[in-house]
Amino acid sequence: MKKMARNPNQIAGIYNYCDGWCKRCPFTSRCLTFAMEQEDPLKNDLKANDIENKEFWDRIGENFRLTLEMLYDDANRLSIDLNAIPEDTELNKMLEDRHDAARNHPLTKKATQYMHMVDDWFKGSKGIFTLKADELQKKMVIELINKDPVKDLESIQEAVDIIKWYFMQIGVKLSRAFSGRYMDEVEGWNLDGEFPRDSDGSAKVSLIGIDRSISAWGSMLKQLPDEENQILDMLVFLEKLRKQIEAEFPDARAFKRPGFDD
Ligand code: SF4
């Protein structure tokens, strides 16, 4: 792990502001998180995914030990006293207040609302997808000129993948943005602005998720015109949320995510 972390090809901290979609990421060769996953000898072992499997938990335990070792090495190097943490009750109260501030913000709640809207739509749209599949199959059989059903099918699949990837993440990243802002403004971290604000970075990831979801819903609308009302509702909701997040975090778009914005 240490050897991989020292690889000069890695972009430090790139995984902090990505969307976690490694399959679609253009920086897998420069990401420590990805490298560690590939090095994992149990990665493709189905047993490793079984939470009741002893090997799985042994591996988690070993990762925990290695991570702590690295943390203490780094703390020593940076002269950070890991024992100088608040008392348990004080710490718990602080974390609770921070989570409440993030969770209860009206925009986090809106992002959660979007999540439910998408979930409901997919649950209710199984029949629509079946009808569309039948329609495309018929087009394939009769080979209509100027129609490319395979392309249409790919377009739907891509839109579904994008929407499903981001519909929960938008709220999670937004919540982290509010949590980061609370840490800066209330708890007094990074008061002098020595470091780039994590809140802006997280808000940016949330905004990117919204941008891509808007684009995906646009494709979906072209493919499923009968769903116009519900899809338009979704688009209007996302567009309003996007504008409100930008107003709340005016510097988010300018935040430089390591690697992605260099
Ligand atoms: S930076 Fe890319 S490869 Fe690394 S964790 Fe994020 S999405 Fe995956």
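The values are calculated or read from the model by the stated rules, or taken from the named source; none is laboratory data. All values reported here derive from a predicted model rather than from experimental measurement. Every residue, glycine as well, gets a Cβ built from its backbone with ideal geometry; the counts of neighbours run over all protein chains shown.
Structure notes:
- Some residue of region 195-202 being of a type in the set (A, V, I, L, M, F, W, C) and surrounded by fewer than 12 Cβ atoms within 10 Å (Cβ to Cβ): yes
- Of the residues making up region 6-34, just one is of a type in the set (A, V, I, L, M, F, W, C), more than 6 Å from the ligand (Cβ to nearest atom), surrounded by 13 or more Cβ atoms within 10 Å (Cβ to Cβ) and assigned to a loop (DSSP other than H, G, I, E, B), namely Ile11.
- A single member of Glu37, Glu52, Glu96 is away from the ligand (no atom under 16 Å from the Cβ), in a helix (DSSP H, G or I) and at pLDDT below 95, and it is Glu96.
- Inside region 180-203, residues that are in contact (Cβ under 8 Å) with a residue 12 or more places away in the chain and over 16 Å from Ala102 (Cα atoms) make up a count of 1.
- Residue within region 235-255 that is assigned to a loop (DSSP other than H, G, I, E, B) and either within 16 Å of the ligand (Cβ to nearest atom) or hydroxyl-bearing (Ser, Thr, Tyr) (or both) present: yes
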